[in-house]
Amino acid sequence: MYVLGINAYHGDAAAAIIGDGQLVAAAEEERFNRRKHCAGFPVESVKYCLSAAGVSIENVEHVGISRDPSAHLHKKILYAATRAAKGVGALAGRAAAASGEKEGKGGRGIFGAVAERLANSAKVRDLKDDLAKQLDVPKSQLRAKFHNVEHHRAHLASSFYVSPFERAALLSIDGFGDFISTMWGVGQGNDIEVLGQVEYPHSTGIVYTATTQFLGFPHYGDEGKVMGLAPYGRPRFIEEFREIIRTEEGGRFKLNLDFFRHHAEGVEMSWDEGSPTIGRIFSDEYARLFGPPREKTDPLTDRERDIAASLQQRLEEVGFHILRHLHEKTGLTDLGLSGGVAYNSVMNGKILLNTPFERVYVQPAAGDSGTALGVCYQIYNGLLKQPRAFFMEGAYTGPEFTDEEIRAELELSGLAYETYSEREVTRRAAQDIADGAVLGWFQGRMEFGPRALGNRSIVVDPRRANMKDILNERIKKREPFRPFAPSILEERVGDYFEQTHPAPTMLMVYQVRQERRAEVPAITHVDGSGRLQTVSRHVNERYHQLISDFGELTGVPVVLNTSFNENEPVVCTPRHAIDCFLKTRMDVLYLGNHAVRRTAG
Ligand SMILES: [Fe+2]
């Protein structure tokens, strides 16, 4: 039985397909159409998933999407009605925008119109119609049963059904999806019971995004930059942030809405085919507390660093507040974590130190793309009660290319290349890295989720302090304050880091042991931390071998791993990799067992 899951009309559009409960393929649309975080309908991802499974859409039995416009409809209408009664200006579209509708701009401002619009939004998009059109198949040929899975239920499912846990506490936390920002519950066997939620307009993700905008980082997905900036500052504005977002009993929290525009004036959003854009969320009250917003091109000062540090601390406080409540309610010590805020790897790394949780599972696509995966399992395990039989340990669910395909691309490029044996290739690459090369490493199946985990990676020597600058100057052009991350052999984590809980998807930040920091300066952030990937042989044998070989040469079982891209989405095909190699000043490119070296001049 095949189940196809889709995240569409929302950032990070993606598709996933499972066959008899096994995850066959999952990928983000941006990798195919080369538009970062793109929204719209993930037609290329769907086509890829079907071809990877070797089925046509006519043979798929269930199709689901991670949105349910009818979810919480009464709350949306009530919210709109209350605001209308209070005489808050134009309203239409706002609540709908929070639930992921296409636009959130201006509107009619009449309660009746709002209610009507919200009710209609439940019917506006017909997934079956869209899918048939996009795949150019007559609608009558689609025999699948179609499902709407509420956004946060899809998140929760993605963090539980593919986890190793029979029973676990679950938390999904993000900006908004289907009118909800935060949902928690408990998973047991084939069931997920929701225990609590926080509704629009209150959201930790919104606070983080609003502050990110205020600090002069306007793009969708820029929140990670602020997380990287935070360790340079002091949390001297923590009281201000405690005023901006307050915790309440029962694991809940509330925004001080004076600081935000999304609930009152509305914020422009676009969820079209391109990269999502979100208008200004913070209100003028931010300026009253912190002074004028920083413009993108203004220099960064202590004020920005301290705001970032305060925001990060407050996010952690609120996150732990929810998690302690969740533990209290469930008594469980295993946690499945999901939602866009689960990309805050700094917070994640501190969960084990600050809450009673002992094991944390964060699926590699913890954000919205992963809801495509959650939809599949919510249908298969949750709805159809089929047995759970899949544990997602790696992230390698994307396209792969045969040796013939890689050779054909190399021939086409006209570049000279050498071919090594299976055993030799990692030794050669390890030697290149140890010699200081900037090395493109393209192997096997592409990763699902934002992190390159050793199949679409740029790998360099972490012992060289200047590697950060070299990478930025030659390829990445990132802000100098942003850290680069390490990949380490799982069996050696304790030698280098203060915590040893596995982090196979690079979504945990731990402290590098004091005595090791000088040894691996290129991956040690200003506060002594590192966002590590723990690599085990059974999950990625070739990458494990590469790091082992590097360890044998240098005594250091760690490499610096950054995603294989310049500024665009991570490369998907050999052609993308070759283009990136040619465009940048990478020294050597490994494609499978073949290596292309940059020649002098
Ligand atoms: Fe989400």
Extension length gain for residue 466 and residue 354 (0.36 nm per residue less Cα distance), in nm, is 36.9 nm
How much length is gained if the chain between residue 129 and residue 579 is pulled fully straight, taking 0.36 nm per residue apart and subtracting their Cα-Cα distance, in nm to one decimal? 158.4 nm
Which stretch or stretches of region 18-50 have amide N atoms under 19 Å from the point lying 7 Å from residue 402's Cα along the Cα→Cβ direction? 48-50
Assuming 1.567 mPa s and 4 °C, estimate D for region 178-230 with Stokes-Einstein, Rh taken as the Kirkwood radius over Cα pairs, in µm²/s. 99 µm²/s
Can you tell me, using C-alpha contacts under 8 Å and at least 6 residues apart, the relative contact order of region 10-55 as a whole percent? 43 percent
For the pair residue 499 and residue 412, the simple spin-label estimate (label points 7 Å beyond Cα toward Cβ) gives in nm 4.4 nm
Highest mean first, how do 402-410, 417-425 rank when packing is the count of other Cβ atoms within 10 Å averaged over residues? 402-410, 417-425
Listed by chain and number, the lysines with an alpha carbon less than 16 angstrom from that of residue 583, same-chain partners under 8 positions apart left out, are 476, 477
Please provide three numbers in whole Å: the alpha-carbon extents of region 316-396 along the principal axes, with the largest listed first. 36, 26, 19
Given labels modelled 7 Å from the Cα in the Cβ direction, how far is it in nm from residue 249 to residue 297? 5.3 nm
What full-extension length gain, to one decimal in nm, is calculated for residue 188 and residue 491 as 0.36 nm per residue of separation minus the Cα-Cα distance? 106.0 nm
From the P(r) of the chain, can you give the percent of Cα pairs sitting at distances over 30 Å? 52 percent
Mind giving me the FRET efficiency for residue 419 and residue 599? R0 is 22 Å, r the Cβ-Cβ distance, nearest 0.05 is fine. 0.80
List the relative contact order of region 206-344 as a percent without decimals, with contacts defined as Cα pairs under 8 Å and 6+ residues apart. 37 percent
From the cross-link list 76/128; 36/76; 225/329, which pairs have alpha carbons spaced over 28 Å apart? 36/76; 225/329
Taking the Cα centre of region 373-484 as the origin, how large is its charge dipole in debye, to the nearest 20, when only Lys and Arg (+1) and Asp and Glu (-1) carry charge on their Cβ atoms? 720 debye
List the residues whose amide H sits under 5 Å from the amide H of residue 216, counting only those 5 or more places along or on another chain, with H placed 1.01 Å from N in the peptide plane. 294
What nm value, rounded to one decimal, do you get for the distance between residue 284 and residue 137 when each label is placed 7 Å out toward the C-beta? 5.4 nm
Only Cα pairs under 8 Å and at least 6 apart count here; give the relative contact order of the chain as a rounded whole percent. 16 percent
Within the chain, the percent of DSSP beta bridges that are antiparallel, given to the nearest 5, stands at 70 percent
Other residues with Cβ under 15 Å from the Cβ of residue 291 give, with Lys and Arg +1 and Asp and Glu -1, a net charge of -3
Quick one: divide the alpha-carbon radius of gyration of region 511-571 by 2.2 N^0.38 Å and tell me what you get. 1.26
Mean projected area (nm²) from the convex hull of Cα positions in region 210-368 is 10.2 nm²
If the viscosity is 0.890 mPa s and the temperature 25 °C, what translational diffusion coefficient in µm²/s does Stokes-Einstein give for region 161-258 when Rh comes from Kirkwood over Cα pairs? 160 µm²/s
So, with +1 on the Cβ of K and R and -1 on the Cβ of D and E, and no other charges, what is the size of the charge dipole of region 173-249 about its Cα centre, to the nearest 20 debye? 500 debye
What value, in deg cm²/dmol to 500, does the helix sum -39500 (n - 2.57) over DSSP H runs of n ≥ 4 give at 222 nm once divided by the residues of the chain? -10000 deg cm²/dmol
In region 330-444, what is the volume of the convex hull around the alpha carbon atoms, normalised per residue and reported in Å³? 212 Å³
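Every read-out reported here was derived from the displayed coordinates using simple, explicitly stated rules and does not represent laboratory data. Please read these numbers as outputs of a predicted model, since none were measured by experiment. Methodologically, a virtual Cβ is constructed for each residue, glycine included, from the backbone with ideal geometry; neighbour enumeration extends over all protein chains shown.
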